[in-house]
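Only one structure is covered here, and it is reproduced in the block below.
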Amino acid sequence: MAAAGRIIKGFSLPYVALYHNDNGKVTYTKGRKLARGVEISVEAETTEANNFYADNRVAESVPGIFNNGTLTLTVDGLFLESERFIMGIEAEGKITVGNEEVKTTDYGETMSIPYVGVGAIVQYQSEGVTTYEPVLFTKARFNDTGISAKTMEGSIDWQTKQITATLLRDDTAAHNWKRVAEAQTTEEAAEAVIKAFLGITEA
């Protein structure tokens, strides 16, 4: 008899790409690896179930539907290029230090945080067999990334970065908010699915 379930072993390879809607046709561009994945969690908010009562109990029920949600990613740390990408920062500033000009990334009203698709891989094990499941969150918008850091002490205390995004239903006729592809036998195969989801064609 097959195992009744599977256990999560890991999370890896978060990807992101710009979201586009053309009259209900959703596409993605400029896809890239976001960072090295440490942890992922999703909190979904749904409408209330609509229950019909008869004979002093619930006789029929229409379940609540997804309204929006929060995606929380913990990563090793964003390269500045990736942070600029998800924050919608295009222009660079500069400051003169002595005889040198130093580039700056300026967070302010010129930011235009884009809608994006977010893909990642969840690793499972069942009866000793490991599989890799590609997951796409179809439409998301990241919140300001902020910063948290503390001083070094006697030993290294590895510090990660936590970023959050609001999840929405996409603009297709189905109004999807998440797509899960069939599990793959290797991480490389699952990564190829994520790239296909996000329209990444280069090797």
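The values are calculated or read from the model by the stated rules, or taken from the named source; none is laboratory data. Bear in mind that the values here come from a model prediction, so they are computed numbers and not experimental data. Cβ sites come from the backbone with ideal geometry, for glycine too, and all protein chains shown count toward neighbours. Protein only, heavy atoms only, side chains kept; ligands, DNA and RNA dropped before computing areas. Shrake-Rupley method; radii C 1.70, N 1.55, O 1.52, S 1.80 Å.
A few remarks follow.
- For the chain, calculated [θ]222 nm from helices alone, where every DSSP H run of n ≥ 4 adds -39500 (n - 2.57): -2500 deg cm²/dmol
- Calculated Cα extents along the principal axes in Å (choose from [x] 67, 49, 47; [y] 45, 44, 33; [z] 82, 43, 40), label: [z]
- Debye log10 I(q)/I(0) for the range 6-73, one point scatterer per Cα, at q = 0.15, 0.19, 0.22 Å⁻¹: -0.81, -0.97, -1.05
- Mean sequence separation of contacting Cα pairs (under 8 Å, at least six apart), scaled by the length of the chain, corresponds to a relative contact order of 26 percent.
- Counting only protein heavy atoms and a probe of 1.4 Å, the accessible surface of the chain is 49% carbon and sulfur.
- Degrees separating the helix 187-197 axis from the principal Cα axis of the chain, which is the longest one: 90 degrees
- Long-range HN-HN contacts of residue 11 with modeled amide H, under 5 Å: 123
- Here the simple spin-label model places points 7 Å from the Cα toward Cβ, and for residue 8 and residue 66 these points are separated by 1.5 nm.
- In the full protein context, the range 41-80 carries 73 Å² of accessible surface per residue, based on a 1.4 Å probe and ignoring ligands, DNA and RNA.
- For the pair the range 9-87 / the range 174-203, the C-alpha centres are spaced 15 Å from each other.
- Rg/Rh for the range 1-117, where both radii come from Cα atoms and Rh is the Kirkwood radius: 1.18
- The peptide list 79-91, 21-33, put in order of mean Cβ contacts within 10 Å with the highest first, becomes 79-91, 21-33.
- FRET E, pair residue 112, residue 192, Förster distance 22 Å, beta-carbon r, rounded to 0.05: 0.10
- Shown is the FRET efficiency for residue 30 and residue 173, computed with R0 = 30 Å from the Cβ-Cβ distance and rounded to the nearest 0.05: 0.75.
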